[in-house]
Structure formats: C-alpha cells, structure tokens
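Values in this text are rule-based calculations from the coordinates and carry no lab data. Model, not experiment: these values are computed from the prediction. Reconstructed Cβ throughout: ideal geometry from the backbone, glycine too, with neighbour counts over all protein chains shown.
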Amino acid sequence: MTVTPSGRMRRTILEWLKDPAVHFPAPPRRDLAATGVTARAVAAKLGVPRRTAAAHLDFLTRLGVLRTRRFRCRTHYLRDEIRIAEVARMFEKGW
C-alpha cells in the first residue's frame, strides 16, 4: 500500500488530536481536549495554508472520524473516538 502525503497528513492530524494539549498551544482557561482545535492551529503546526488544513479536516469530518464544534465564530475539530474504533474494527475484520 502506498502512503500519499495527504494520507500522512491526515494520520498526523488524528494523532495530534488524540492529545491536543501536548501539540497545540491552548488559550488561557481552555481545555483543548473538550473544545478542540481550529484549522488555523492545525495549519500552523503543519506549515501549510489554512485552506489546505481545512480541506483535510473537512475530509476527516465527512469520513466521520472527527466531529466539529462551534466556539466563538470558529469551527473546532475533535476526534470521534467511537467512530474511529468502529472503522478500526472494520479493517481488522478484513473490510
């Protein structure tokens, strides 16, 4: 199986969102595990334009492994652990 750069980016994003407080700076009095991170924060960490990060985040959201939450005029992204476990089980069973 060939791994594409975008596939690597998406896996990296999912790994970072497992423990966002470790990978992203948190504003004061905010728990990133509860509120999620913005596309801007992901873009800055990846070193890509915000639109590129947003495209990857939107893809992962449509896939169902991320969920979104609106917080002050911005969309924040969080992992959907239940859906990720379901997808992992499907692949373990041979799809």
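Observations
- For segment 33-48, the set of residues classified as in a helix (DSSP H, G or I) and either touching a helix residue (DSSP H, G or I) at 6+ places or on another chain (Cβ under 9 Å) or among the hydroxyl-bearing types (Ser, Thr, Tyr) (or both) consists of 33, 35, 39, 40, 41, 42, 43, 44, 45, 46, listed by residue number.
- Among the residues listed as 89, 30, 11, 51, the single one being outside any helix (DSSP H, G or I) and basic (Lys, Arg): 30
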